[in-house]
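The values are calculated or read from the model by the stated rules, or taken from the named source; none is laboratory data. Here the structure is a predicted model, which means the values were calculated and not measured. Using ideal geometry, Cβ is built from the backbone for each residue, glycine included, and neighbour counts are taken over all protein chains shown. For accessibility, only protein heavy atoms count, side chains too; no ligands or nucleic acids. Shrake-Rupley method; radii C 1.70, N 1.55, O 1.52, S 1.80 Å.
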Amino acid sequence: MISEKKSIKRLTFDELQATLEIMGLRGYRAGQITSWIYQHYAVTFEEMTNIAKGERDQLAAAFSLPAPSLLQAERSSDGTRKFLFGLEDGHAIESVLIPDDDRLTLCISSQVGCQQACRFCLTGQGGFARNLLFYEISDQVLEVSRILRNEGSRGITNIVLMGMGEPLANLEEVLKAVRIITSDRALGISGRRITLSTDGLVPEIDALGRAGVKVNLAVSLNATTDETRDRIMPVNRRYPLMELLAACKRFPLEPRRRITFEYVLLKGINDSEDDALRLARLLKGIKCKVNLIPFNPFPGSEFKRPVDISVKRFQKILQDRHYTVLVRESRGRDISAACGQLRERASAGRH
Ligand code: SAH
């Protein structure tokens, strides 16, 4: 059944405040409603007991309060959990929860599919459907928090925008979502604990810097020459390496903050000693750390994962040049946790 009422979550805080005033409700109700939705996991207006009964009825008559449906949840032997959420229009998106020592990181999606068409990425192969709206981005955090609360488990500590989609291709909605995720009235997770990962959209990196939201920036570099990067990441034909690195250099960083460079290691493509040496030279003068990600293969992928020893060698060359380098293993392999895999499987099952 399609509800005629408008979802209250479609309104930003300022819009909600203005709308409430038009309805004759006091503006401070906006803060109370936001807190009920995002901090007390309310699913009805009836639950919002510090709001007068008459006003609750008025809200329920004007608005709906829908939540995305949980279509599927899986748990990997390494503790990684994957959630597939259904949206109002029938599309599905995935979020991955990754426990790591003292952290519990949620990896969220910013688009349904992706237009960037990186050749090593399964989401990129599947094409693009649409941008997510801001509340569909923040709802992933809300819904997983709700699940954890109901289990009595510890809450999410970190957020990475590294799921499906290119967050900077949907910057406006991503920024609104970040406001909900960071607001003390809503989800209350510090921007310092949020990382936005981009494939390198230069004008939008600048726009993010100007927007003044204090999130961490990660850049998927993945190659050390334009020739190779052009081949595996079409975005490079628009914004080649030198332009991208210049944007990274001028990106405003808070004290003690660094840019993360992600580097997916593809056997025989970008994993040579020369690549490691070139990478060390390219990153000179940028406050950064490097995450090496051995390629996570998927059915039909044209690339291979390098052997561990060449991953180690690549890491050591950078470490010897005083870079902080972590090898990020793909988590949750037994539940197909690499980008796009759960959605892919779910849709294969429907055919
Ligand atoms: N569009 C954004 C965020 C989504 S991709 C971006 O490009 O950064 C998140 C990370 O996963 C990127 O660093 C990407 O390079 C990496 N990635 C994509 N497919 C992968 C695969 N099959 N194996 C390993 N890493 C992959």
Taking region 304-325 only, how many residues are hydroxyl-bearing (Ser, Thr, Tyr) and surrounded by fewer than 13 Cβ atoms within 10 Å (Cβ to Cβ)?
1
Going by the conditions given, is ASP139 surrounded by fewer than 18 Cβ atoms within 10 Å (Cβ to Cβ) and of a type outside the set (Val, Ile, Thr)?
no
Looking at the structure I just gave you, is ASP230 open to solvent by 10 Å² or more (accessible area, probe 1.4 Å), outside the structural domain of GLY31 (by TED's automatic domain parsing) and away from the ligand (no atom under 16 Å from the Cβ)?
no
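For region 92-115, give me each residue that is assigned to a loop (DSSP other than H, G, I, E, B) and modelled with pLDDT under 95.
Within region 92-115, ASP101, ASP102 qualify.
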Of all the residues that make up region 250-284, how many are on the phi > 0 side of the Ramachandran plot and either of a type outside the set (Gly, Ala, Ser) or open to solvent by 80 Å² or more (accessible area, probe 1.4 Å) (or both)?
1
Consider only pairs whose beta carbons are under 6 Å apart and that are at least six residues apart or on different chains; among these, list those whose first residue lies in region 22-41 and is β-branched (Val, Ile, Thr) and whose second residue is open to solvent by 40 Å² or more (accessible area, probe 1.4 Å) and in a loop (DSSP other than H, G, I, E, B).
THR34/ARG185
Consider SER301 against the criteria (1) open to solvent by 10 Å² or more (accessible area, probe 1.4 Å); (2) closer than 30 Å to THR157 by Cβ; (3) within 15 Å of the ligand (Cβ to nearest atom): it satisfies all of them except one. Which criterion is unmet?
(2)
Out of ARG81, ARG26, ARG56, I need the residue that is under 20 Å from the mean Cα position of the chain (by Cα) and more than 19 Å from TYR135 (Cα to Cα). Which one?
ARG81
Every residue in region 39-61 that is part of a helix (DSSP H, G or I) and open to solvent by 20 Å² or more (accessible area, probe 1.4 Å), please.
LYS53, GLY54, GLU55, ARG56, ASP57, GLN58, ALA60, ALA61
ALA223 - would you say it is in the same structural domain as ILE293 (by TED's automatic domain parsing), out of contact with any strand residue (DSSP E or B) (no Cβ under 7 Å at 6 or more places or on another chain) and within 13 Å of the ligand (Cβ to nearest atom)?
yes
(1) open to solvent by less than 40 Å² (accessible area, probe 1.4 Å); (2) in a loop (DSSP other than H, G, I, E, B) all hold for PHE85 apart from (2)
The conditions are (1) farther than 24 Å from VAL219 by Cα; (2) modelled with pLDDT of 95 or more, and TYR28 fails exactly one of them. Which is it?
(2)
Among residues belonging to region 108-133 that are open to solvent by less than 10 Å² (accessible area, probe 1.4 Å) and of a type outside the set (S, T, N, Q), point out the one that is nearest to TYR41 (Cα to Cα).
ILE108
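Can you tell me which residues in region 102-114 are over 22 Å from ASP78 (Cβ atoms) and more than 10 Å from the ligand (Cβ to nearest atom)?
VAL112, GLY113
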So which residues in region 80-95 are within 13 Å of the ligand (Cβ to nearest atom) and farther than 30 Å from ARG237 by Cβ?
SER95
